[in-house]
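Report on the following structure.
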Amino acid sequence: MGVAFLFSEYSFFELECKVLAIINDDSYFEVMQDDIYEEIMIVGLIVSMIFIVFSKEKDEDEYIAQIRMYSLVWSILIGSALLLLATVFVYGLYYMTVAFLNMFLILFLFVIKFNIELYKFRRTGRDQ
């Protein structure tokens, strides 16, 4: 739903309600009417990714913890490098889109890298 919303004007549903905006354009602490569809998607995606990232493996040991740490460092470095490249080469509204996607990119990169490294480790048979 998030990808469909990001790249189109289509909304699966509208959920208009009053929300507290701490900062909104020129005003502070304002109660305003807003469609909270985007906020629900973002919160849902972040919470679900955090559950995936921090869930323990069935046979969690020191080496898997080391793989987890290595994957986290790798994902932060790659995500930061991509954001630096975007800062230099992407401008305007496209940069804001890249910066927005970078919030989720580090978590996605971690999950991908961790599962690849875990697959390689288990394929060698050293985990027994």
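The values are calculated or read from the model by the stated rules, or taken from the named source; none is laboratory data. Given the structure is predicted, the values throughout are model-derived calculations rather than measurements. Cβ: placed from backbone, ideal geometry, glycine included. Neighbour counts: every protein chain shown.
Looking across segment 34-62, the residues that are hydroxyl-bearing (Ser, Thr, Tyr) and surrounded by fewer than 12 Cβ atoms within 10 Å (Cβ to Cβ) come down to Ser48, Ser55.
Here is a yes/no grid of residues against (1) in contact with a helix residue (DSSP H, G or I) (Cβ under 9 Å, 6 or more places away or on another chain); (2) within 30 Å of Glu16 (Cβ to Cβ); (3) not assigned by TED's automatic domain parsing to the domain that holds Glu14:
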position	(1), (2), (3)
Gly44	yes, yes, no
Ile76	yes, no, yes
Ser80	yes, no, yes
Val98	yes, yes, yes
Met103	yes, yes, yes
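Filtering segment 43-60 down to residues that are more than 15 Å from the chain's Cα centre (by Cα) and in contact (Cβ under 8 Å) with a residue 24 or more places away in the chain, which residue is farthest from Glu117 (Cα to Cα)?
As a first pass, look at segment 43-60 and keep what is more than 15 Å from the chain's Cα centre (by Cα): 55-60.
With in contact (Cβ under 8 Å) with a residue 24 or more places away in the chain added as a condition, the list becomes 57, 59.
Values: Glu57: 13, Asp59: 15 Å.
Going through the qualifying residues, I end up with Asp59.
Okay, residues lined up against (1) farther than 15 Å from Phe110 by Cβ; (2) β-branched (Val, Ile, Thr); (3) in a helix (DSSP H, G or I); (4) at pLDDT 90 or above:
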residue	(1), (2), (3), (4)
Ser11	yes, no, no, no
Cys17	yes, no, no, no
Val43	yes, yes, yes, no
Met49	no, no, yes, no
Ile64	no, yes, yes, no
Leu72	no, no, yes, yes
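The residues listed here are Phe89, Phe114; of these, the one that is in the same structural domain as Glu60 (by TED's automatic domain parsing) and either within 14 Å of the chain's Cα centre (by Cα) or surrounded by fewer than 15 Cβ atoms within 10 Å (Cβ to Cβ) (or both) is Phe89.
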